[in-house]
Amino acid sequence: MASTWLDFWQRENEFDESMSTNFNYFLERVETHIPLAKTNRVLDIGSGPGNLEDAWHDRVAEIHGLDISKRYNELARTRHVDSPNVFFHDLDPNDYLNFSPVANRQFDVIIVMSVVQYYRSIGEVEQLLQLIKRVAAPGARALVCDLMVGESFLSDVLGILKRSLLQGKLIATLKLLVRLRFSHYHTVRKENGFLVIPETEWLAMCERVGLKAQFINEPITLQQERRNLLITF
Ligand SMILES: C[S@@+](CC[C@H](N)C(=O)[O-])C[C@H]1O[C@@H](n2cnc3c(N)ncnc32)[C@H](O)[C@@H]1O
């Protein structure tokens with residue numbers, strides 16, 4: 001049966017547990033580029049199970065997560081039932097660039113972590129950049145992270161293995177890779193692939209949209225060959 005990434009994220013999947021390891025790595029590095037303040041309003045596009053909200057909810061004024069996965073949003077709402085400044089909004093999977101739940105808001109920090117590779121086209125990503133521009137407050141910073149910019153899937157996997165070895169987590173990573181090979185993930189990846197956008201195309205899109213953007217030099221996510229784009233307003 002044909003399946004898309006949109007379907008994939010609605011179901012329980014192999015990343016439910018492993019995502020937080022990757023996220024901790026990111027958390028240890030992100031504040032070099034995104035200094036946080038107690039007054040910050042944060043938008044987390046593709047918020048998943050709510051890892052960013054877990055880490056930042058008591059350090060900022062409010063956080064809004066947007067996700068196409070009702071399953072993740074329900075999980076995240078349950079986790080944050082006692083956090084009055086945390087909100088999770090459902091995006092329509094068939095209209096995921098409709099940001100009406102946050103259309104009248106402004107944000108000081110916007111994070112898009114490991115999400116755009118599941119978009120359907122570059123045109124949609126350019127629309128995402130326009131939406132980010134629309135909701136960014138003066139002085140805001142947006143970080144679009146974990147971007148696949150041209151390396152092959154194999155080099156992505158080799159990068160993960162190398163990093164896991166250095167962190168003493170090689171066995172756990174190998175187990176995850178084997179599970180993935182025989183899972184729904186493998187089928188969905190084969191059928192849909194990932195959206196890969198070269199760095200030059202990212203920068204050209206930002207210029208067309210009128211955004212001041214640059215790639216961060218050092219890796220800030222576990223997949224070291226993936227790139228991270230910082231946009232300043
Ligand atoms: C790899 S997870 C990352 C979750 C979270 N950002 C993190 O790093 O912990 C990808 C997330 O993007 C969401 N997603 C996929 N396509 C999306 C889209 N078009 N719009 C919004 N969210 C999307 C999925 O439901 C999933 O929660």
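The values are calculated or read from the model by the stated rules, or taken from the named source; none is laboratory data. What you see is a predicted model; the values in this text were computed from it and never measured. Virtual Cβ from ideal backbone geometry, glycine too; neighbours counted across all protein chains shown. All accessible areas refer to the heavy atoms of the entire protein, side chains included, with ligands and DNA or RNA removed. Shrake-Rupley method; radii C 1.70, N 1.55, O 1.52, S 1.80 Å.
When you scan region 89-135, how many residues do you find that are among the aromatic types (Phe, Trp, Tyr), part of a loop (DSSP other than H, G, I, E, B) and open to solvent by less than 20 Å² (accessible area, probe 1.4 Å)?
Total satisfying the criteria: 2.
Any idea which residue in region 72-88 is farthest from the ligand (Cβ to nearest atom), counting only those that are outside any loop (DSSP other than H, G, I, E, B) and surrounded by fewer than 15 Cβ atoms within 10 Å (Cβ to Cβ)?
In this case the residue turns out to be Thr78.
Take Leu154 and tell me if it is at pLDDT below 95, more than 13 Å from the ligand (Cβ to nearest atom) and of a type outside the set (Lys, Arg).
yes
Residues being under 19 Å from Trp9 (Cα atoms) and aliphatic (A, V, I, L, M): count how many of those fall in region 92-127.
Residues meeting the conditions: 7.
Any residue at all in region 137-155 that's open to solvent by 30 Å² or more (accessible area, probe 1.4 Å), assigned to a helix (DSSP H, G or I) and farther than 24 Å from Asn13 by Cα?
The answer is no, given that none of the residues of region 137-155 is open to solvent by 30 Å² or more (accessible area, probe 1.4 Å), assigned to a helix (DSSP H, G or I) and farther than 24 Å from Asn13 by Cα.
In region 28-44, which residues are touching a helix residue (DSSP H, G or I) at 6+ places or on another chain (Cβ under 8 Å) and either within 7 Å of the ligand (Cβ to nearest atom) or open to solvent by 40 Å² or more (accessible area, probe 1.4 Å) (or both)?
The one that is touching a helix residue (DSSP H, G or I) at 6+ places or on another chain (Cβ under 8 Å) and either within 7 Å of the ligand (Cβ to nearest atom) or open to solvent by 40 Å² or more (accessible area, probe 1.4 Å) (or both): Asp44.
Take the residues in region 1-13 that are more than 20 Å from Leu195 (Cβ to Cβ) and of a type outside the set (A, V, I, L, M, F, W, C); name whichever of them is farthest from the ligand (Cβ to nearest atom).
Among those that are more than 20 Å from Leu195 (Cβ to Cβ) and of a type outside the set (A, V, I, L, M, F, W, C), it is Glu12.
Could you tell me which numbered condition Ser47 fails, if it satisfies all but one of (1) more than 7 Å from the ligand (Cβ to nearest atom); (2) at pLDDT 95 or above?
All conditions pass for Ser47, except number (1).
For region 195-233: of the residues being in a loop (DSSP other than H, G, I, E, B) and closer than 13 Å to Val125 by Cα, which is least open to solvent (accessible area, probe 1.4 Å)?
It comes out as Ile197.
Being at pLDDT 95 or above and not charged (D, E, K, R) narrows it down to one of Pro93, Pro101, so name that one.
Step by step, each of Pro93, Pro101 is checked, and only Pro101 is at pLDDT 95 or above and not charged (D, E, K, R).
Give all pairs with beta carbons closer than 8 Å in which a residue from region 24-48 that is under 14 Å from Phe107 (Cα atoms) and in a loop (DSSP other than H, G, I, E, B) meets a residue that is away from the ligand (no atom under 14 Å from the Cβ) and among the small types (Gly, Ala, Ser); count only pairs at least 6 apart in sequence or on separate chains.
Within 8 Å, the pairs are Lys38/Ala61; Thr39/Ala61; Asn40/Ala61.
Determine which member of the set Asp54, Asp16 is modelled with pLDDT under 95, assigned to a helix (DSSP H, G or I) and surrounded by fewer than 19 Cβ atoms within 10 Å (Cβ to Cβ).
When all the criteria are applied, what remains is Asp16.
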